[in-house]
Amino acid sequence: MGLLMCCMATSMAGSCNKENEGNGNNNASIVGDWEVIDASKHYTGIDITPTMIEVAKAKGLSGVSWVVGDCEDLPFEDNSFDAVICSNSFHHYPNPQKFFDSVKRVLRPGGRLILQDYTAPGPVLWLMNHTEMPLANLVGHGDVGAYSLDQVREFCRESGLHVEMLERGR
């Protein structure tokens, strides 16, 4: 089984900005937990930030390969992965449709995309995209946009991904 974790080095090592670089405050245990569950599987982590890849490598996780690359243009062969997991990095991607198209290309037939990111009802989503994210960018967060479930469903449809389940967290 091949499992691709998009921007997982950032998730393990903390935020991409210099102020928080390497602080380990985002989803830090997720890869370690998977390794305990099934250490026979191979994982590939990708992040656009070379420094974050180095921080992730320093954790010494077995069964994980780390790649510097762009999640909107995944540097892997077609049909390479059984699953792609993208956790709390999608809102950083300036071209979201390119991400979904690239995921579709690298997933094997029957493969799955697991995407977790920010969303909210309309008015709250508008506030996030027009106030919260621009303010966060003033201190270097690199947020681009949060999307509604309908927008995510449309990205999937456009790329040819079948939506099995789509829900907003509580």
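The values are calculated or read from the model by the stated rules, or taken from the named source; none is laboratory data. Just so it is clear, the structure is predicted and the values come from calculations on it, not from any experiment. Using ideal geometry, Cβ is built from the backbone for each residue, glycine included, and neighbour counts are taken over all protein chains shown. Surface areas here come from the heavy atoms of the whole protein model, side chains and all, with no ligands, DNA or RNA. Shrake-Rupley method; radii C 1.70, N 1.55, O 1.52, S 1.80 Å.
Tabulated data
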item	result
Odd one out for Lys104 among (1) more than 30 Å from Asp150 (Cα to Cα); (2) touching a helix residue (DSSP H, G or I) at 6+ places or on another chain (Cβ under 7 Å); (3) open to solvent by 30 Å² or more (accessible area, probe 1.4 Å); (4) not in a strand (DSSP E or B)	(1)
Flag for Lys59 being of a type in the set (Lys, Arg) and crowded, with 16+ Cβ neighbours inside 10 Å	no
Residue check, Leu166 in a loop (DSSP other than H, G, I, E, B), modelled with pLDDT of 95 or more and within 20 Å of Met5 (Cα to Cα)	no
Breaking point among (1) surrounded by fewer than 16 Cβ atoms within 10 Å (Cβ to Cβ); (2) within 14 Å of the chain's Cα centre (by Cα), for Val124	(2)
Number of positions in the stretch 70-81 that are surrounded by 16 or more Cβ atoms within 10 Å (Cβ to Cβ) and farther than 15 Å from Glu158 by Cβ	6
All helices (runs of 4 or more DSSP H) inside the stretch 1-84 with 2 or more residues being at pLDDT below 50	8-13, 30-37
Residues located in the stretch 119-142, provided they are under 16 Å from Arg168 (Cβ atoms) and part of a helix (DSSP H, G or I)	Gly122, Pro123, Val124, Leu125, Trp126, Leu127, Met128, Asn129
Residue in the stretch 140-162 that is more than 19 Å from the chain's Cα centre (by Cα) and more than 21 Å from Val84 (Cα to Cα) present	no
Pair list, Cβ under 8 Å, 6 or more apart: the stretch 119-145 residue of a type in the set (Ser, Thr, Tyr), other residue open to solvent by 70 Å² or more (accessible area, probe 1.4 Å)	Thr119/Arg168
